[in-house]
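The values are calculated or read from the model by the stated rules, or taken from the named source; none is laboratory data. Quantities reported herein were computed from a predicted structural model and do not represent experimental measurements. Positions of Cβ are generated from backbone atoms using ideal geometry, with glycine treated the same way; all protein chains shown enter the neighbour counts.
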Amino acid sequence: MPGNFADPDDSTIVSAIIAMAKNLNQRVIAEGIETQEQLAFLQAHHCAEGQGYLFSKPLAVAPLARLLRQGIAEAIVH
């Protein structure tokens, strides 16, 4: 995921990849989401799935299970 989309080419490439995958009926999962700006960009481009430090650092099994039980909304870094 591009850092903050400061380079217009970054957002163009990400948009094109999302559109191409959707046109090929592929599931789009963004990785490396670190900022609210990136999340908003992806949501605006109809990419509904992703992972990254914005949601959680990498976790071992037990903390991951706890996170899934609690719900991701409580774990999002603000």
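Take Phe55 and decide whether it is at pLDDT below 85, surrounded by 10 or more Cβ atoms within 10 Å (Cβ to Cβ) and in contact with a helix residue (DSSP H, G or I) (Cβ under 7 Å, 6 or more places away or on another chain).
Spelling it out, it is not the case that Phe55 is at pLDDT below 85, surrounded by 10 or more Cβ atoms within 10 Å (Cβ to Cβ) and in contact with a helix residue (DSSP H, G or I) (Cβ under 7 Å, 6 or more places away or on another chain).
Which ones in the stretch 20-48 are touching a Leu at 6+ places or on another chain (Cβ under 9 Å) and not β-branched (Val, Ile, Thr)?
Ala30, Glu34, Gln36, Gln38, Leu39, Ala48
Contact list please: Cβ distance under 9 Å, first residue in the stretch 44-71 and closer than 20 Å to Val28 by Cβ, second residue among the basic types (Lys, Arg) and surrounded by fewer than 10 Cβ atoms within 10 Å (Cβ to Cβ), pairs at least six apart or on different chains.
So the pair list comes out as Glu49/Arg27.
Can you name the number of the only condition in (1) in a loop (DSSP other than H, G, I, E, B); (2) at pLDDT 85 or above that Pro63 fails?
It is condition (1) that Pro63 fails.
What number of residues within the stretch 36-60 are among the hydrophobic types (A, V, I, L, M, F, W, C) and not in a helix (DSSP H, G or I)?
Start the filter on the stretch 36-60 by keeping residues that are among the hydrophobic types (A, V, I, L, M, F, W, C), which leaves 39-42, 44, 47-48, 54-55, 59-60.
This time we only want the ones that are not in a helix (DSSP H, G or I), so: 47-48, 54-55, 59-60.
Final tally of qualifying residues: 6.
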